[in-house]
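Peer 1: Got a structure for you, written out below as C-alpha cells; questions coming shortly.
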Amino acid sequence: MEPDALIVATPGVVALCNELAPGIPIHLSTQANVMNYLDAKVYYDMGVKRIIAAREISLKDVQEIKKELPDLEIEIFVHGSMCFAYSGRCLVSAVQMGRVPNRGSCANDCRFEYTLYAGNENHGTLFRLEEQPEIGTYIFNAKDMNLASHVDEILASGCVDSLKIEGRTKSTYYCAVTAYTYRMAIDDFYNKNFDANRYQKELATTKNRGFTDAYLVHKPFDKNDTQNHDYAMSKGTFEVSGLVNKDEETFMCKYKTYPNEPIEIFAPLGATIDEVDNEIGKIYQQDGIYYMELKQILTESGKELDSVHSGNLNPIKLPTKLPYMTMFRIETDEILD
C-alpha cells in the first residue's frame, strides 16, 4: 500500500519519512503549530510538501507564508471542534483518563461540566465558588469553528490549497452535511452565486457547541466569542430518520417514522430525484426541497407496520429508487445539555 501522503507532526518523524519512504509526500500536521512563514520554511526545507496550519493562524499570516514559499501547499481548518489548547496540544485527557489526545484518543475532558473550589492552605478546607448563572460551569468548552461564511474570502485570497473539516468521532450525517455544504460553497463562489445564509442554515442542522469564526479573519479576542460556557452540545435543528441502503430500493430507519409524515430528503450533491406517487408513498418537491411521505411502511418481505423506529433492523421499502447514502431527516428543537 502506498498512501497519498504521510501526516506527521515533528521534525524527527519528517526526517525518518524522508529516509524510509522518500517517494511519499509529507504533510505537516496542525499539531506542529505552524503560524508563520519562518516556521513553515523550516519544514519546507526538510521536504514537506504541505502544511496543515494551526487553527489559530490568521488569513494574513497564511498569505505571507504563500508569498514567501509559493511552492508550499497550505491547508487550513474551516470547520469542526476546537481544542482549548493550541491545536490539540493538551494533556488533560491523558492525566484524567489515560487517553492521550495527541495519539487520537482524546476523551474530550474539556467538554465536561466542572465545579470550582478554593482551598484554605492553613487547614485544607475547600470552599465551592458559586458560578454566575450567565457564565455557567463549562469553563473549558470551546465553540465549534465555522468558516462557511468566509469561504469566498478564503478562496479569493489565492493562498489556500485545501480546506480541512474536523470529523473525528462525528456521525455519518455530520460528515455528509459539512462536506456537502463546503463543496457547495466552493462551487457557488466560482459560479458567482455565493450565499452565506444558505450554508449556515444547513450547518445548523448538525450537532454543535455553538459556532464561531475563530481566528482566521479576526485577531484573537476581538470578538471574544470562542467559548461556550452554557452547554456542552446542541442537538442541531434536524434529526436523522433514515439512510438509504446500497440496493437504493430500501432504507434503514434511524428515528421514529410514521405513515403520512413528511420527511425531508437529503441526497448527495448533484443527485437526481424522481417525483412519484404510488401505493407505497410519494416523493415531491416543495420550495426547492424534496420530501417523502410513506403511505405504507413495508418491510422487504411485505409485512406492513404501523410505525418504525431505530430499533428495527428490517429494511423498509421506498416508493422509488434513491441514491445510496441518501438520508432522511425531520426537524427538531430539542437541546442536549
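The values are calculated or read from the model by the stated rules, or taken from the named source; none is laboratory data. These numbers come from a predicted model, not from an experiment. Every residue, glycine as well, gets a Cβ built from its backbone with ideal geometry; the counts of neighbours run over all protein chains shown.
Peer 1: Working only within region 192-220, note down all residues that are more than 20 Å from I52 (Cα to Cα), more than 13 Å from the chain's Cα centre (by Cα), surrounded by fewer than 16 Cβ atoms within 10 Å (Cβ to Cβ) and not polar (S, T, N, Q).
Peer 2: Correct list: K192, D195, A196, R198, K201.
Peer 1: Within region 38-55, which residues are of a type outside the set (A, V, I, L, M) and under 19 Å from V151 (Cβ atoms)?
Peer 2: Of everything in region 38-55, just one residue is of a type outside the set (A, V, I, L, M) and under 19 Å from V151 (Cβ atoms), namely R55.
Peer 1: Filter region 264-314 for residues that are of a type in the set (D, E) and more than 28 Å from the chain's Cα centre (by Cα); which is modelled with the lowest pLDDT? Reasoning before the result, please.
Peer 2: Residues of region 264-314 of a type in the set (D, E): 264, 274-275, 277, 279, 287, 293, 300, 304, 306.
With more than 28 Å from the chain's Cα centre (by Cα) added as a condition, the list becomes 274-275, 277, 279, 293, 300, 304, 306.
Values: D274: 95, E275: 97, D277: 98, E279: 97, E293: 98, E300: 90, E304: 95, D306: 94.
Within region 264-314, the match that is modelled with the lowest pLDDT is E300.
Peer 1: Shifting gears a bit: Out of the residues in region 62-120 that are polar (S, T, N, Q) and under 22 Å from the mean Cα position of the chain (by Cα), state the one that is surrounded by the fewest Cβ atoms within 10 Å (Cβ to Cβ).
Peer 2: Taking the candidates together, the pick is S105.
Peer 1: Only one of these is under 26 Å from K170 (Cβ atoms) and either in a loop (DSSP other than H, G, I, E, B) or in contact with a His (Cβ under 6 Å, 6 or more places away or on another chain) (or both): C110, C83. Name it.
Peer 2: When all the criteria are applied, what remains is C83.
Peer 1: Now, a different point. Report the residue count in region 315-337 for those that are of a type in the set (S, T, Y), under 16 Å from P262 (Cα atoms) and modelled with pLDDT of 95 or more.
Peer 2: Of the residues in that region, 2 qualify.
Peer 1: Filter the strands (runs of 3 or more DSSP E) completely within region 226-337 down to those with at least 3 residues that are touching a residue at least 40 places away in the same chain (Cβ under 8 Å) and surrounded by 15 or more Cβ atoms within 10 Å (Cβ to Cβ).
Peer 2: Where strands (runs of 3 or more DSSP E) fall fully within region 226-337 and carry at least 3 residues being touching a residue at least 40 places away in the same chain (Cβ under 8 Å) and surrounded by 15 or more Cβ atoms within 10 Å (Cβ to Cβ), they are 238-244, 250-253, 263-266, 327-331.
Peer 1: Then there's this: Could you grab me the full set of residues in region 86-98 that are assigned to a loop (DSSP other than H, G, I, E, B) and in contact (Cβ under 8 Å) with a residue 12 or more places away in the chain?
Peer 2: R89, C90
Peer 1: Residues that are touching a helix residue (DSSP H, G or I) at 6+ places or on another chain (Cβ under 7 Å) and more than 12 Å from E75 (Cβ to Cβ): find the strands (runs of 3 or more DSSP E) completely inside region 1-64 holding 1 or more of those. Break it down into steps so the answer makes sense when it comes.
Peer 2: Working: elements: 6-8, 26-28, 50-52.
Ranges flagged: 6-8, 26-28.
Peer 1: A follow-up question, please. For the structure I just gave you, tell me whether G136 is in contact with a Phe, Trp or Tyr (Cβ under 8 Å, 6 or more places away or on another chain), surrounded by 14 or more Cβ atoms within 10 Å (Cβ to Cβ), modelled with pLDDT under 80 and not aliphatic (A, V, I, L, M).
Peer 2: When the stated conditions are applied, G136 passes them.
Peer 1: Against the definition (in contact with a strand residue (DSSP E or B) (Cβ under 6 Å, 6 or more places away or on another chain), of a type in the set (K, R) and over 30 Å from A5 (Cβ atoms)), how does R111 come out, yes or no?
Peer 2: No.
Peer 1: Something else now. If a residue has to be among the basic types (K, R), surrounded by fewer than 23 Cβ atoms within 10 Å (Cβ to Cβ) and in contact with a Ser or Thr (Cβ under 7 Å, 6 or more places away or on another chain) to count, how many in region 27-61 make the cut? Break it down into steps so the answer makes sense when it comes.
Peer 2: Taking region 27-61 first, the residues among the basic types (K, R) are 41, 49-50, 55, 60.
Still in the running and surrounded by fewer than 23 Cβ atoms within 10 Å (Cβ to Cβ): 41, 49-50, 60.
So of that shortlist, the ones also in contact with a Ser or Thr (Cβ under 7 Å, 6 or more places away or on another chain) come out as none.
Final tally of qualifying residues: 0.
Peer 1: Looking only at region 144-162, how many residues end up being surrounded by fewer than 19 Cβ atoms within 10 Å (Cβ to Cβ) and in contact with a Lys or Arg (Cβ under 9 Å, 6 or more places away or on another chain)?
Peer 2: 4
Peer 1: A further question follows. Pairs needed: first member in region 149-170, under 15 Å from T181 (Cβ atoms); second member anywhere, acidic (D, E) and at pLDDT 95 or above; C-beta distance under 8 Å; at least 6 residues apart or different chains.
Peer 2: Close Cβ pairs (under 8 Å, with a partner that is acidic (D, E) and at pLDDT 95 or above) amount to L163/E75; K164/E75.
Peer 1: Within region 261-300, can you find the residues that are touching a Pro at 6+ places or on another chain (Cβ under 6 Å) and over 15 Å from T320 (Cα atoms)?
Peer 2: Passing the criteria: only P268.
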